[in-house]
Amino acid sequence: MRKLIAALAVVAVVATVSSCGGGRTKAARLLENYALVTIPAPDLSGITDNGKEVLNLYRFAADQADAIYWKQNFGPKSTFDGLQDSAEKEFAYVNYGPWNRIDGEPFIYGYGKKPLGAKFYPADMTEEEFRALKDPAKESPYTIIRRKGDRTLEVVWYHDAYAEEVRKISDLLKAAADITIKESVREYLLAKAEDVLTDNYMASERAWEQMTDSKMDLVIGPNEAIDDELYGIKASYGAYVLLKNEERTNLIKEVCAYVPGLDPEFSSKVYACDVIYYGGYPNAGYKNIGCNVSGNRAIIFGNIIREKYNRTVFPAGMLLFEGDDRAHLDANAFWWEIVFREIAKNMVERNHALGNEALTFEKAEANVLGALLAAQLVDENRISALITKQDILATFVANTIRSTRFGFADATGRANLIVYNYLTEKGAITRKVSGKYKIDYAKTVEALQALSDAIKGIQAGGDYEAAVEFAGTYAFVPQAIQQDVVNLELEKIPVDIRFEYEK
């Protein structure tokens, strides 16, 4: 089990900066770090009436996935409905509980530190108890561990633990299957409707891979082990409701043909979409801007990428860079960087022998490999956008620095800290006395390649102790980042975004 650092310096710095907020509560100050973004009502001009009704059913199903995630992360959402402090209530909704997802610390009085195992395991379970539990299903991503009346442990499948919500999801997907006019969509929905009742997702994953002719998409289920910080096993429930962007999807497919080592079959299964609705883990804390489920298909969220760049990446880069490096910040570079990050996930193997470090290493390797691929293909003129390799690298560095604000308690934050500290150690990025960064682009490419090789070596060897040692060396919050956090806070540059949906 990973033991998180009890008191992170970066958290102390943020708290100090935030304390200048007069009479505002802690939650009110933290909530300001999430820019409120309106997701416009989607353009459904090309969608049939049947399709529109299918989309409604997708959203209802996503709400049920959201309800399951509340139970996995904290408990009933209704716990916070009666809070008198509106900021505490809203920030609890953002974080799906009373804990700030950036540092795991409570922002509502009366709660202790967030349990590493969320609600997947009893909070008082010891490692010896877990090891002694004989049921092999304890290792499944789709089970929880709980105590029986006699205080011994038992394993419960998700479809039993969340029976009411799972049944509703199944019924909603069957209803959508009844009215869709797309045979591939019907097959997927019926397969998923059965699979959520058994927690065996092979049939629906195969059907989803074949569902290539729909303008709409639904990704739903327990897909990512994002919240299990004890063992990195248990998958969190979530959902995305999406509309496909055909033009950008075709651009991606053209470029995929030039990606070295990429499975040609996978190349045809990378899609650009706009998000209509999030439910569950994708909506908790910072917002995902792409997904890659089981390595079978990758989806890029164009509208969310745009909002992230405009509200967080670009202003952070403008504050932290100067001169030529500022000029290399580019929205198209950021879009392609994310495209290749999601593609890279298909080329990265998660080794579960790395335990609770597996996700951190997977994310770090995907980030690094994605940046290298994007820089290489831009340099080879394989991408038609008017961007340069320097644009890719500068935008990547800006995004890495601003993403370290996700903190030590989260795999995404830890992955970005590894990248940042490695680039700094190798002299690829230098923070001057003024607080501004200078990028050495040649050294950045060399350092990213070396980091990729180091991570791949640890993953291939499945050496947990080596992973812990490497993370201990690079996944820490340096003084420079503490100072950057102060500057970003003072300039009121958001950590991330939160959503409201246009009616």
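Read-outs: derived from the displayed coordinates by stated rules, not from any lab. As the structure is a prediction and not an experimental result, all values here were calculated from the model. All Cβ positions, even for glycine, are placed from backbone atoms using ideal geometry, and neighbour counts span all protein chains on display.
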## Note on the structure
Exposure-ranked with fewest Cβ neighbours within 10 Å first, Ser184, Ser214 stand as Ser184, Ser214
### Task
Using just the helices of the chain, give the 222 nm mean residue ellipticity in deg cm²/dmol: DSSP H runs with n ≥ 4 each add -39,500 (n - 2.57), and the total is spread over all residues, rounded to 500.
-15000 deg cm²/dmol
### Summary
Taking the square root of 5λ for each eigenvalue of the C-alpha gyration tensor of the range 408-453, the equivalent ellipsoid has semi-axes, largest first and in whole angstrom, of 19, 16, 6
### Charge dipole magnitude, Cβ of K and R +1, D and E -1 - the range 302-503, Cα centre, debye nearest 20
440
#### Entry: R0 of 41 Å, Cβ-Cβ distance Asp171-Glu129: FRET efficiency to nearest 0.05
0.65
### Query
Roughly how big is the range 168-314's charge dipole about its Cα centre, with Cβ charges of +1 (Lys, Arg) and -1 (Asp, Glu), in debye to the nearest 20?
460
### Ranking of Phe396, Phe476 by count of other Cβ atoms within 10 Å, fewest first
Phe476, Phe396
#### Entry: Spatial extent of the range 325-453: Rg and Dmax, with the Cα atoms as the point set, Å
14.1, 43
### Query
Tally Lys/Arg at +1 and Asp/Glu at -1 over every other residue whose Cβ is under 11 Å from the Cβ of Leu218; what's the total?
+1
#### Entry: Computed over the range 115-254: relative contact order in percent, which uses C-alpha pairs under 8 Å that are six or more apart
21
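For the range 225-357, compute Rh as the Kirkwood radius over C-alpha pairs and then the Stokes-Einstein diffusion coefficient at 10 °C and 1.306 mPa s; write the answer in µm²/s, rounded to an integer.
Working: Rh = 16.4 Å.
Rounded, D is 97 µm²/s.
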### Query
Once you list every other residue whose beta carbon is under 12 Å from the beta carbon of Ala65, what net charge do they have if Lys and Arg are +1 and Asp and Glu are -1?
+1
### Task
Averaging sequence separations of C-alpha pairs under 8 Å and six or more residues apart, then dividing by the length of the range 302-503, give the relative contact order as a whole percent.
28
#### Entry: For peptides 367-376, 59-68, 196-205, sequence by mean Cβ density within 10 Å, most packed first
367-376, 59-68, 196-205
### Message
Placing +1 on the Cβ of each Lys and Arg and -1 on the Cβ of each Asp and Glu in the chain, which of Tyr240, Asn399, Ala41 has its Cα farthest towards the positive end of the resulting dipole?
### Response
Asn399
## Note on the structure
Within the under-14-Å Cβ sphere about Glu380, not counting Glu380, Lys/Arg +1 and Asp/Glu -1 give a net charge of 0
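Among the GluC sites (Glu not before Pro) within the range 397-503, which fall in a DSSP loop and have no more than 16 other Cβ atoms within 10 Å of their own Cβ?
Here the GluC sites (Glu not before Pro) that fit, given the DSSP loop and packing criteria, are Glu491, Glu502.
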### Query
What do you get for Rg/Rh of the range 169-281 when both radii come from the Cα atoms and Rh is the Kirkwood radius?
0.99
### Message
Which one, Gly317, Ala428, Ala366, is farthest towards the positive end of the dipole of the range 302-503 when Lys and Arg carry +1 and Asp and Glu -1 on their Cβ?
### Response
Gly317
### Separation of alpha-carbon centers, the range 297-362 and the range 148-165, rounded to whole Å
37
### Task
Whole number please: convex hull volume per residue, Cα atoms of the range 129-219, in Å³.
91
### Rg [Å, one decimal], Dmax [Å, integer] - the chain, C-alpha atoms
22.0, 67
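Of Trp208, Trp336, Trp70, Trp157, how do they rank once you tally other Cβ atoms within 10 Å and put the fewest first?
Trp157, Trp70, Trp208, Trp336
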